[in-house]
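After the structure tokens below, expect a handful of questions from me.
Just so it is clear, none of the values below were taken in a lab; they were calculated from the coordinates. The shown structure was predicted, so the numbers you read here are calculated from the model rather than taken from an experiment. Please note: Cβ atoms are built from the backbone with ideal geometry, for glycine as well, and neighbour counts cover all protein chains shown.
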Amino acid sequence: MQHPLDRRDECIEYGFVIDLGPDTELLLDLNRLYAECNWDPAQQRMVRRTT
């Protein structure tokens, strides 16, 4: 089970990542995730706004 504060899945799903090259891990753009998404308590995850 995913940790409640781990938003990795949503960042990857929505393309909110920064790839610095083949020798580094992806950086998650959490600022963009929280700016462009809302928390959905029913799904227990961040979802993109519909408007």
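From the phi of every residue in the stretch 13-22, what ³J(HN,Hα) in whole Hz does the Karplus formula 6.51 cos²θ - 1.76 cosθ + 1.60 yield, where θ is phi - 60° and glycine or proline is x?
Each residue of the stretch 13-22 in turn: 4, 8, x, 8, 9, 10, 9, 8, x, x Hz.
If you don't mind, another one. Along each of the three principal axes of the Cα atoms of the chain, give the extent in whole Å, ordering the values from largest to smallest.
37, 29, 15
Going toward the positive end of the dipole of the chain, with +1 on Lys and Arg Cβ and -1 on Asp and Glu Cβ, which of 44, 31, 16 do you reach last?
44
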